[in-house]
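Data first, discussion second: the structure below is written as structure tokens.
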Amino acid sequence: MKAVVVERYGPPEVLRIEERPTPSPKDNEILIRIHATTVTSADWRIRSQTVPTGFGLIMRLVFGLRKPRQPILGSELAGVVAAIGRDVSRFQVGERVFAFSDMAMGCHAEYLCLSEDGMVVATPPGLTDEAAAALCFGGTTALDFLRRAKVRPGEKVLVNGASGAVGTAVVQLARHFGAEVTGVCSGANVDLVRSLGAAHVIDYTKADFTRNGQTYDLIVDTVGTAPYSRCRRSLKDGGRLLLVLAGLPEMLQGLWVSLTSRHTVIAGPAAVKREDLRQLAALAEAGDVQPVIDRRYPLDQIVDAHRYVDSGRKKGNVIISMRDQA
Ligand SMILES: NC(=O)c1ccc[n+]([C@@H]2O[C@H](COP(=O)([O-])OP(=O)(O)OC[C@H]3O[C@@H](n4cnc5c(N)ncnc54)[C@H](OP(=O)(O)O)[C@@H]3O)[C@@H](O)[C@H]2O)c1
């Protein structure tokens, strides 16, 4: 099979397309023929080892000290079951599925084996492979943070970085849960963020949301520019600050704030459940959450796709279409 292989950390040019043996499913695994995958901010972070303050060594210990232990990146996919292990009972050959391999990665290839008990579910008929693949990374992160914050109908939620993969999902899910959403993005993305259900949109190049006198029940920072020290006056009494992106100092400060004030800071990696994928797929089928797809690249343009993601300017998700290879 064709796979995108990373043998050393570095810029997008370290990526190579190589022939690798097609894996065989173990007894409890399914072999998935991948039709669509994505390049996410996680792929950029792991490939380039660009990590939040304080996580450099931890990242190297997890992903490989001198080079990536898992040389194939990519954490979300949609495709079709090509073969099953002999103990598999939940899936059949030919069934459409989508999956989130998370930190195990491996989706930038034509095939991947996953445990049938892992983060893999059937793709509903109303969902394209591209949409299904693009649901996982941003959607599961948004769902987990909003769940931890116990967002309630009528609450005011501000999303800093509303146009990225996580931000576009937070805007739509918060709105779905009945919140009044304010999105913060650049002027170029104002219409997009409004179309996702934000009642108010602030262009960060023209206005500072921490200085407009408004207060929010929840502030979700997906960019790393809204630490507690900057936005505490914008939080209501009992308000929660969700730091999707935070360095170790902000996380430690968040613990202290949560212990000593009427505010709560929620940070750290998102915890993901298989049920989340089902919930996101059902919401997408119903039209309540639409994964935003910015650009599409064939597998052989993976370097260009990474360059674009590295720019930090993508809107929602960047798709790698594997079917263009066929
Ligand atoms: N805690 C977790 O478990 C977890 C899970 C997933 C992701 N993350 C982290 O969350 C962060 C966001 O991920 P992502 O995939 O959503 O990123 P992304 O899609 O790459 O974000 C790109 C978006 O950020 C916007 N942006 C850049 N600077 C901004 C600013 N100063 N203010 C407002 N918007 C700005 C850009 O819009 P403009 O071009 O308009 O500026 C662009 O649309 C990443 O750092 C990632 O590592 C954490």
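Nothing in this text is a laboratory measurement; each read-out follows from the coordinates by a stated rule. Worth saying up front: this structure is predicted, and the values here are computed from it rather than measured. We place every Cβ from the backbone using ideal geometry, glycine too, and count neighbours over all the protein chains shown.
Of the conditions (1) within 15 Å of the ligand (Cβ to nearest atom); (2) over 15 Å from the mean Cα position of the chain (by Cα); (3) surrounded by 15 or more Cβ atoms within 10 Å (Cβ to Cβ); (4) not small (Gly, Ala, Ser), Leu248 clears all except one; give me its number.
Every listed condition holds for Leu248 apart from (3).
Within the stretch 186-202, can one find any residue that is among the hydroxyl-bearing types (Ser, Thr, Tyr), more than 11 Å from the ligand (Cβ to nearest atom) and surrounded by fewer than 24 Cβ atoms within 10 Å (Cβ to Cβ)? Before you say what the answer is, go through the steps one by one.
Let us first name the residues in the stretch 186-202 that are among the hydroxyl-bearing types (Ser, Thr, Tyr), namely 186, 195.
Pick out the ones that are also more than 11 Å from the ligand (Cβ to nearest atom) and you get 195.
Add one more test, that the residue is surrounded by fewer than 24 Cβ atoms within 10 Å (Cβ to Cβ), and what stays is 195.
Yes, that holds for at least one residue.
Report the residue count in the stretch 215-245 for those that are surrounded by fewer than 19 Cβ atoms within 10 Å (Cβ to Cβ), charged (D, E, K, R) and within 16 Å of the ligand (Cβ to nearest atom).
1
Would you be able to say whether some residue in the stretch 67-87 is surrounded by fewer than 17 Cβ atoms within 10 Å (Cβ to Cβ) and of a type in the set (Ser, Thr, Tyr)?
no
Looking at Gly167, Gly154, Gly161, which one is at positive phi and near the ligand (Cβ under 9 Å from one of its atoms)? If you could, list the steps in order and put the result at the bottom.
Numbers: Gly167 fails: at positive phi; Gly154 fails: near the ligand (Cβ under 9 Å from one of its atoms).
Residue meeting the stated conditions: Gly161.
Mind listing whichever residues of the stretch 203-214 are over 20 Å from Asp237 (Cα atoms) and either in contact (Cβ under 8 Å) with a residue 12 or more places away in the chain or buried (at least 19 other Cβ atoms within 10 Å of the Cβ) (or both)? Walk me through how you get there before you give the answer.
Within the stretch 203-214, the subset over 20 Å from Asp237 (Cα atoms) is 203-208.
Asp203, Tyr204, Thr205, Lys206 - these are the residues of the stretch 203-214 that are over 20 Å from Asp237 (Cα atoms) and either in contact (Cβ under 8 Å) with a residue 12 or more places away in the chain or buried (at least 19 other Cβ atoms within 10 Å of the Cβ) (or both).
What are the residues in the stretch 20-60 that are in contact with an Asp or Glu (Cβ under 8 Å, 6 or more places away or on another chain), assigned to a strand (DSSP E or B) and among the β-branched types (Val, Ile, Thr), if any?
Ile30, Ile34, Thr37, Thr38
Kindly check whether there is at least one residue in the stretch 297-312 that is among the aliphatic types (A, V, I, L, M), under 25 Å from Gly197 (Cα atoms) and touching a His at 6+ places or on another chain (Cβ under 9 Å). Spell out the reasoning first.
Within the stretch 297-312, the first condition is being among the aliphatic types (A, V, I, L, M), and the residues that meet it are 299, 302-303, 305, 309.
This time we only want the ones that are under 25 Å from Gly197 (Cα atoms), so: 309.
Applying the additional criterion that residues be touching a His at 6+ places or on another chain (Cβ under 9 Å) yields none.
No - not one qualifying residue is present in the stretch 297-312.
Could you go through the stretch 16-27 and let me know if any residue there is within 16 Å of the ligand (Cβ to nearest atom) and surrounded by fewer than 18 Cβ atoms within 10 Å (Cβ to Cβ). First the steps, then the outcome.
Residues of the stretch 16-27 that are within 16 Å of the ligand (Cβ to nearest atom), as a first pass: none.
For the stretch 16-27, residues within 16 Å of the ligand (Cβ to nearest atom) and surrounded by fewer than 18 Cβ atoms within 10 Å (Cβ to Cβ): absent.
Exactly one condition in (1) in a strand (DSSP E or B); (2) in contact with a Phe, Trp or Tyr (Cβ under 9 Å, 6 or more places away or on another chain); (3) closer than 23 Å to Gly139 by Cβ is false for Ala82; which is it?
It is condition (3) that Ala82 fails.
Got a sec? Which of Leu112, Leu146, Leu135, Leu127 is over 22 Å from Gln290 (Cβ atoms) and of a type in the set (A, V, I, L, M)? Full working, then the answer.
Working: Leu146 fails: over 22 Å from Gln290 (Cβ atoms); Leu135 fails: over 22 Å from Gln290 (Cβ atoms); Leu127 fails: over 22 Å from Gln290 (Cβ atoms).
Of Leu112, Leu146, Leu135, Leu127, the one residue that is over 22 Å from Gln290 (Cβ atoms) and of a type in the set (A, V, I, L, M) is Leu112.
So Ile17 ticks every box in (1) part of a strand (DSSP E or B); (2) under 20 Å from the mean Cα position of the chain (by Cα) but one. Which box is left unticked?
Of (1) part of a strand (DSSP E or B); (2) under 20 Å from the mean Cα position of the chain (by Cα), only one is false for Ile17: (2).
Return yes when Arg230 is free of Cβ contacts under 8 Å to residues at least 12 places away in the same chain and either under 22 Å from Val265 (Cβ atoms) or of a type outside the set (Val, Ile, Thr) (or both) and no when it is not.
Numbers: free of Cβ contacts under 8 Å to residues at least 12 places away in the same chain: no; either under 22 Å from Val265 (Cβ atoms) or of a type outside the set (Val, Ile, Thr) (or both): yes.
No, not satisfied.
Scan the stretch 265-284 and tell me whether some residue there is more than 24 Å from Leu127 (Cβ to Cβ), touching a residue at least 24 places away in the same chain (Cβ under 8 Å), more than 16 Å from the chain's Cα centre (by Cα) and away from the ligand (no atom under 11 Å from the Cβ).
yes
For Val151, only one of the following conditions fails: (1) in contact with a Phe, Trp or Tyr (Cβ under 6 Å, 6 or more places away or on another chain); (2) part of a loop (DSSP other than H, G, I, E, B); (3) within 16 Å of Arg278 (Cβ to Cβ); (4) of a type in the set (A, V, I, L, M). What is its number?
So Val151 meets the others, but not (3).
Kindly check whether there is at least one residue in the stretch 307-318 that is of a type in the set (A, V, I, L, M), within 22 Å of Gly106 (Cβ to Cβ) and within 16 Å of the ligand (Cβ to nearest atom). Full working, then the answer.
So in the stretch 307-318, the residues of a type in the set (A, V, I, L, M) come out as 309, 318.
Now narrow it down to the ones that are within 22 Å of Gly106 (Cβ to Cβ): 309, 318.
When the remaining residues are screened for being within 16 Å of the ligand (Cβ to nearest atom), the result is 309, 318.
Within the stretch 307-318, one or more residues are of a type in the set (A, V, I, L, M), within 22 Å of Gly106 (Cβ to Cβ) and within 16 Å of the ligand (Cβ to nearest atom).
Which residues, taken from the stretch 122-151, are away from the ligand (no atom under 16 Å from the Cβ) and touching an Asp or Glu at 6+ places or on another chain (Cβ under 9 Å)?
Residues satisfying the conditions are Ala122, Thr123, Pro124, Pro125, Gly126, Leu127, Ala132, Val151.
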